[in-house]
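Report on one structure; see the data block that follows.
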Amino acid sequence: MEFELTTEQQELSHLIRGILDDVCPAPVRDRTAAAASQIAEPLAETGLAGILVPTTLGGSGATLIEAAVLGEALGAKGAPGAVIASTLICGAALDLVRDTDRAKVADTINVADPCALLVGHDLSWPPGGGTEIAWGWLEGALVLAPEGEELVIASTNGISAGETADLALPIGRRVGPPARTRPAIAESEGGRRFLAAANVIMSSVLLGHMQAALDASVEYAKQRHQYGAPIGSFQAIRHLCADMLVDVDASRSAAYGAAWTVATSDDVDEVERSAAVAKAWCSEAGLRVCETALQVHGGIGFTWESVMNDHLRSTHVACASFMPLEQALDVVAGARAWI
Amino acid sequence: MDLNETPEQRAFRMRLREWLSANAPNRIAAGDFTDEHEARVEWHRRLHAAGYAALSWPTEYSGQGLGPIEEAIFAQEAGRFGVPSDLGYGFIARAMLLFASEEQRQRYLPPLLAGTEFWCQGFSEPDAGSDLASLRTRARVDPSGGPDGGFVVSGQKTWTSNAQWADYCLCLVRTGEPESRSKGISTLIIDMRQPGIEVRPIRTIRGDEEFCEVFFDEVQVPRSCLVGELDEGWRYAMVTLTYERGPVDIGFVTKYFALLDRLRTVLQDQGEHIDSGRRRALARAAVGVEVLRVQTLKSLSRRLERPPGPEGSIDKLLMARVEQQLLTAAVGVVGGACLVDDDEDWFSNYLYSRAATIYGGTEQVQKNVLADQCLGLPRS
């Protein structure tokens, strides 16, 4: 038994972080195609964009564990959400895409061009009619939407640019008639597996935000002086930082443990449950950590310029995306309620 | 990253499962074993006779020569059958293995691991709780014994678990100047069956007598019972505590899973009266237990590479949080019924969970360890 990442996975992590340090040294606050393409290019050149695309479709054919490594790094650096959507979310959805559309979607992902996923008005998946959101949408993006038990490339008619609380995530919005029936894809094995993978990916992204918020807080607590001493020497602040460390370390266990289970288990109930555990834990821990980090930064953390602004906003959006906390808890309780 | 068991580990698990299904005691309500020392001792001896106690200890001291993975497998399977693991003297034995002389190990480890001699750990004192380095139980060198003379011990220990049954105490004593703090502490093996020692059980919040006060009045301790070097006891104690802190060593995770299973049944029995609040409170507790399980795997995998370090405090804090959340949820799910008639021990277990942030170093002490040693924050 070995929990640590393999040497190859660690090298992957270094490679990704090296690229991100060059391209987005600070969290991105730009939801435009230009911002996304800046990071998309190096990801495509290194084959990371197609990390979840099978080799037969021109991708790297890696597992969800490698995808989680990438997700953590993208979250920590505050990378453009359009890249998370295309590379990780749509990459994980590829199995669900209708045969005749799959190659086109794979080609789009492999070059990290925008590919968005249609979700509900509250960011949960699958969409249920009425107002719907194209998660990661940019002008010209492919949009994947459910049709029966499959995903298809949907028409982009009526989609207009919108905003979420996340300063790095572009979305599209479309208003339509409410659906009469709940989408069959939610109950299909493929749909359940995709949703599990999406939850693991969001857990890893949340982990990245948490680790970055903790690191920034510890650094700040060492530098900021009050009463003639660094505030990190005061027990009130030290204990807040220790609380964050416990949350971050446990979230790492939760996110990678679930990545391993989803990547290796044949049992769809186990896959679904394990991903829901990770998403529920990382959602609550992520909010605690970012709110605590903001507190440690004091008034500075409340300013528009602070990176706590980015991490807290992105964390809320990641928590709500694909499966909100209450639904994850219901999965764990053994009742897969459609909400 | 690979969380699979090897074929050998799988075989060990299946063999153990078969043995447990034939040998595990029938019905064990929560609390039976912690209250009934005799039952635990008998169970430990059966485990030992069958080769399932002291799994990770060297064979020359009557251990099984296996590793932490097998120990974790044992804890899981024991939890599946609702029986406790072997007697929880792991950290005392660990201190002996790491710091005692070969002669001491040969003398004391085999009966300790076999469950034929019992030990307690004399660390805390009335005025030295979290501030352990201020301990005052005095061991002065017996002036009549020459340079290699023994010690005469006087003082008081408290929160000493199982002292009422103990044959020996692994005891921290002051051998340096009164104000020497961590520099003047030594570790002694004290024979508890001798004059001058008085043990008074302390009744806990839930009404049982798990630990004691121990009074030493001019107790004679031979030089041969000094563990390691004189005045070096603090270092040994700190290393020993890192082995006491993780859920890996305590094997509580399986106990939590068993509690969750019972709670699920309680909830199902409530049928249509289940409200989503109770169900989600239980689900949230289940999420915590599951994350603790994976965290334990992570620590276990690290333990194969290197000895435990300050990050053990992360596991201890997480374990305490998860246990308290679980038992708080339990009281909510079971409702007022457990306050009227607690025959299922829910309220008793809840009360016990409040100790999780106190024993083995309080939550606040653990956070200081993390701030100092894992985060590198400055000290005041």
Need one number: nm distance between label points at residue B:194 and residue A:13, each 7 Å from Cα along Cα→Cβ, rounded to one decimal. 5.2
Report, for chain A, the % of DSSP beta bridges that are antiparallel, rounded to 5. 80
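According to the square roots a ≥ b ≥ c of the eigenvalues of the Cα gyration tensor, what is the shape class of chain A, taking rounded for a/c under 1.5, prolate for a/b larger than b/c otherwise, and oblate for the remainder?
prolate
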Average Cα contact separation per residue, the range A:249-339, under 8 Å, 6 or more apart, as relative contact order %: 27
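Please work out the FRET efficiency for the pair residue A:30 and residue A:224, using the Cβ-Cβ distance as r and a Förster radius of 22 Å; give the result to the nearest 0.05.
0.15
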Where Lys and Arg each count +1 and Asp and Glu each count -1, what net charge lies around residue B:329 among other residues with Cβ under 12 Å from its Cβ? +4
J(HN,Hα) series, the range A:88-98, from Karplus relation 6.51 cos²θ - 1.76 cosθ + 1.60, nearest Hz, glycine and proline x: 9, 6, 5, x, 5, 8, 4, 4, 7, 6, 3
Theoretical FRET efficiency, 1/(1+(r/R0)^6), r = Cβ-Cβ of residue A:326 and residue A:55, R0 35 Å, to 0.05: 0.35
Rounded, prolate or oblate, given the Cα gyration tensor of the protein assembly as shown, with a/c below 1.5 counting as rounded? prolate
Rounded to the nearest Å, what's the spacing between the alpha carbon centres of the range A:288-312 and the range B:273-299? Just the number, please. 28
Explain nothing, just compute: Karplus ³J(HN,Hα) = 6.51 cos²θ - 1.76 cosθ + 1.60, θ = phi - 60°, for every residue of the range A:184-201 in order, whole Hz, x for Gly and Pro. 5, 4, 5, 9, 6, 4, x, x, 5, 5, 4, 4, 4, 4, 4, 5, 5, 4
Want the number for residue B:179 to residue B:341: 0.36 nm per residue separation, take away the alpha-carbon distance, what's left? 53.2 nm
For residue A:124, other-chain or 5+-apart residues with amide H closer than 5 Å (H placed, Pro excluded) are A:322
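Given the range A:189-332, report the % of alpha carbon pairs whose separation exceeds 28 Å.
On the way: 2592 of 10296 pairs.
Tail of the P(r) past 28 Å holds 25 percent of the pairs.
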hull vol. (C-alpha, convex hull) per residue for the range B:246-374, Å³ -> 105
In degrees, nearest ten, helix B:253-269 long axis to first principal axis of chain B (Cα): 30
Exposure proxy order (Cβ contacts within 10 Å, fewest to most) of A:90, B:169: B:169, A:90
Counting other C-beta atoms within 10 Å, which of B:204, A:7, B:158 has the fewest, and how do the rest follow? A:7, B:204, B:158
Would you mind checking the range B:344-365 for residues with the amide N under 16 Å from a putative spin-label position 7 Å along Cα→C-beta of residue B:238? B:361, B:365
Translational diffusion coefficient, Stokes-Einstein: compute it for the range A:122-269 using the Kirkwood radius over C-alpha pairs as Rh, at 37 °C and 0.692 mPa s, and state it as an integer in µm² s⁻¹. 176
So the FRET efficiency between residue B:36 and residue B:276, C-beta based with R0 = 35 Å and rounded to 0.05, is 0.35
Neighbour counts of other C-beta atoms within 10 Å: give me B:357, B:254 arranged from fewest to most. B:357, B:254
Karplus-derived 3J(HN,Hα), 6.51/-1.76/1.60, for each residue of the range B:129-136, Hz, glycine and proline x: x, 4, 8, 4, 5, 8, 4, 10
Relative contact order (percent) for the range B:246-374, with alpha-carbon contacts under 8 angstrom and 6 or more residues of separation? 30
Residue mean of other protein chain beta carbons inside 10 Å, A:228-239: 4
Dividing the alpha-carbon Rg of the range B:107-146 by 2.2 N^0.38 Å yields what? 1.71
Along the Cα→Cβ direction, 7 angstrom out, place labels at residue A:131 and residue A:46. What is the inter-label distance in nm? 3.8
For the range B:118-231, what is the convex hull (Cα atoms) projected area averaged across all directions, in square nanometres? 7.0
Computed over chain A: longest principal axis from alpha-carbon atoms vs helix A:99-110 long axis, angle to nearest 10 degrees, is 30
What percent do you get for the relative contact order of chain A when only Cα pairs under 8 Å and 6+ apart count? 17
Inter-site label distance for residue A:98 and residue B:220 at 7 Å from Cα along Cβ, in nm: 9.4
Which angle from 0 to 90°, rounded to the nearest 10, does the C-alpha axis of helix B:68-80 make with the longest principal axis of chain B? 50
When the dipole is taken about the Cα centre of the range A:142-228, and only Lys, Arg (+1) and Asp, Glu (-1) are charged at their Cβ, what size is it in debye, to the nearest 20? 220
I'd like the Kirkwood hydrodynamic radius of the range A:101-158, using the inverse of the mean 1/r over distinct C-alpha pairs, in Å. 11.6
Hey, can you rank A:133-143, B:173-183 by average C-beta count inside 10 Å, highest first? A:133-143, B:173-183
Gap in Å between the Cα centre of the range A:177-202 and the Cα centre of the range A:86-116? 16
Among the lysines, select those whose C-alpha is under 20 Å from the C-alpha of residue B:183, and discard any that sit fewer than 8 residues away in the same chain. B:157
Going by a ≥ b ≥ c, the root eigenvalues of the Cα gyration tensor, does the range B:147-196 fall in the rounded group (a/c under 1.5), the prolate group (a/b larger than b/c) or the oblate group? oblate
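Using DSSP, restrict attention to beta bridges with both residues in chain B and report what percent are antiparallel, rounded to the nearest 5.
Counting DSSP beta bridges with both partners in chain B, the antiparallel share is about 80 percent.
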Pairs A:279/B:255; A:222/A:279; A:279/B:298: which are spaced more than 29 Å apart, C-alpha to C-alpha? A:222/A:279
If the chain between residue B:136 and residue B:205 were fully extended at 0.36 nm per residue, the gain over the current Cα-Cα distance would be 22.1 nm
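The numbers here are math on the coordinates, done by the rules we state, and not lab data. Nothing here was measured: the structure is a model prediction, and the numbers come from that model. Reconstructed Cβ throughout: ideal geometry from the backbone, glycine too, with neighbour counts over all protein chains shown.
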